[in-house]
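The values are calculated or read from the model by the stated rules, or taken from the named source; none is laboratory data. Note that the coordinates shown come from a computational prediction; the quantities given were computed from them, not determined experimentally. Methodologically, a virtual Cβ is constructed for each residue, glycine included, from the backbone with ideal geometry; neighbour enumeration extends over all protein chains shown. Surface areas here come from the heavy atoms of the whole protein model, side chains and all, with no ligands, DNA or RNA. Shrake-Rupley method; radii C 1.70, N 1.55, O 1.52, S 1.80 Å.
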Amino acid sequence: MILTFSNWKGGTGKTTLATVTAILLAARKKHVLLFDADSNMALSGVFGQVLKDFTSMSFLSGTGENFKGIYPAMEYIDIIPGDLKNMLLNNIMDRQLKINLKRAGYTEKYDYIIIDPPGYWGAHTRNAVFAADVLIIPGTCSRIDLEATKLYFRTLQQCYIETETLVCVNAFNEKTNLPGIYEEYRAEFGEYLMAEPIPYVKSLKKLTSDINYALQAAVKNKLDRFVDAITKEAING
Ligand SMILES: Nc1ncnc2c1ncn2[C@@H]1O[C@H](COP(=O)(O)OP(=O)(O)OP(=O)(O)O)[C@@H](O)[C@H]1O
Ligand SMILES: [Mg+2]
């Protein structure tokens, strides 16, 4: 199953949620492939896999066959790292990633492939969206995140993107959120809004320094329920 975390606004929690989902699936002994499609290499940085010889750019430039850029990230998790030069590869077809993942055999080899595209609309994001079985659009309770998320969601709907889509409120904090924004998310997205928001979790900010913080924070905050909802799979399922 291919999961894509995408919003065309930056800083909404794509990389954080991709990481949390991967480590919780790994804790369930699921084999996960992370695909870092962002030139900021944030996801690769979480797992100490930056500036590698083979990257998501190499993968998209080729056919997917005999690819050498699978790096072990932690037990049960491999990663195809990001590339500073990703932006230069803007002329790829929108379905190249989906095709290459299949041709490489990764859709068979891994239980889950998790894609982390950049926070804007471009070739990599289109590839990430078109490859997805489930598209998760995170947004925080700020006015600009809500408006960006609405625009993104509506634009995808207008293009009849058939991918199953879920909007997820991230970094939810009743005390500090702009009043009324969460209710606006509910009114706007209805059945597409995930039932539970992801709380603001201070220790998730330490993702890059120690992955164990993320795992502990995810377990403590019961983020397993989020993983259940996006994978439609109960714990130990
Ligand atoms: N649930 C959360 N609780 C607390 N902080 C969070 C949460 N989710 C994300 N953050 C913080 O918000 C910031 C942006 O998150 P993240 O890097 O995951 O967003 P992104 O959408 O991947 O950004 P970009 O568009 O730059 O790739 C980071 O500092 C991260 O630590
Ligand atoms: Mg990111």
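The residue that is farthest from Leu34 (Cα to Cα), among those in the range 66-87 that are outside any loop (DSSP other than H, G, I, E, B) and open to solvent by less than 60 Å² (accessible area, probe 1.4 Å), is Asn86. Exactly one residue out of Ala148, Ala131, Ala214 is open to solvent by less than 90 Å² (accessible area, probe 1.4 Å) and at pLDDT below 95: that is Ala214. Residues in the range 39-75 that are within 18 Å of Leu17 (Cβ to Cβ) and of a type in the set (Ser, Thr, Tyr): Ser44 only. Looking across the range 154-171 at every residue that is of a type outside the set (A, V, I, L, M) and crowded, with 21+ Cβ neighbours inside 10 Å, the one that is nearest to Thr15 (Cα to Cα) is identified as Asn170. Checked across the range 130-146, the condition of being more than 10 Å from the chain's Cα centre (by Cα) and farther than 29 Å from Tyr200 by Cβ holds for at least one residue. Scanning the range 190-211 for residues that are within 16 Å of ligand 2 (Cβ to nearest atom), touching a residue at least 24 places away in the same chain (Cβ under 8 Å) and either polar (S, T, N, Q) or open to solvent by 90 Å² or more (accessible area, probe 1.4 Å) (or both) yields a total of 1. From the list Ser61, Ser56, the lone residue that is under 18 Å from Ala42 (Cα atoms) and of a type in the set (Ser, Thr, Tyr) is Ser56. Each residue in the range 139-163 was checked for being in contact with a Lys or Arg (Cβ under 6 Å, 6 or more places away or on another chain) and either more than 13 Å from ligand 1 (Cβ to nearest atom) or within 21 Å of Ile2 (Cβ to Cβ) (or both), and 0 pass. When Thr4, Thr15 are screened for being part of a helix (DSSP H, G or I), within 16 Å of ligand 1 (Cβ to nearest atom) and either under 18 Å from the mean Cα position of the chain (by Cα) or closer than 23 Å to Ile211 by Cβ (or both), only Thr15 passes.
Taking the conditions exactly as written (crowded, with 16+ Cβ neighbours inside 10 Å and hydrophobic (A, V, I, L, M, F, W, C)), does Leu178 satisfy them or not? So Leu178 fails the test. Once the range 4-14 is narrowed to residues that are at negative phi, at pLDDT 95 or above and surrounded by fewer than 24 Cβ atoms within 10 Å (Cβ to Cβ), the residue that is farthest from ligand 2 (Cβ to nearest atom) is Lys9. Scanning the range 220-232 for residues that are in contact (Cβ under 8 Å) with a residue 24 or more places away in the chain and open to solvent by 40 Å² or more (accessible area, probe 1.4 Å) gives Arg225, Ala229. Trp121 satisfies every condition listed in (1) modelled with pLDDT under 95; (2) within 16 Å of ligand 2 (Cβ to nearest atom); (3) in a helix (DSSP H, G or I) except (3). Among the residues of the range 18-61, those identified as within 15 Å of Leu97 (Cα to Cα) and either crowded, with 17+ Cβ neighbours inside 10 Å or within 13 Å of ligand 1 (Cβ to nearest atom) (or both) are Leu33, Leu34, Phe35, Asp36, Ala37, Asp38, Thr55, Ser56, Met57, Ser58, Phe59, Leu60. For the range 88-101, a residue qualifies if it is assigned to a helix (DSSP H, G or I) and surrounded by 14 or more Cβ atoms within 10 Å (Cβ to Cβ), and the qualifying residues are Gln96, Leu97, Lys98, Ile99, Asn100, Leu101.
Listed conditions (1) more than 14 Å from ligand 2 (Cβ to nearest atom); (2) of a type in the set (Phe, Trp, Tyr); (3) in a loop (DSSP other than H, G, I, E, B) are all met by Phe59, apart from (3).
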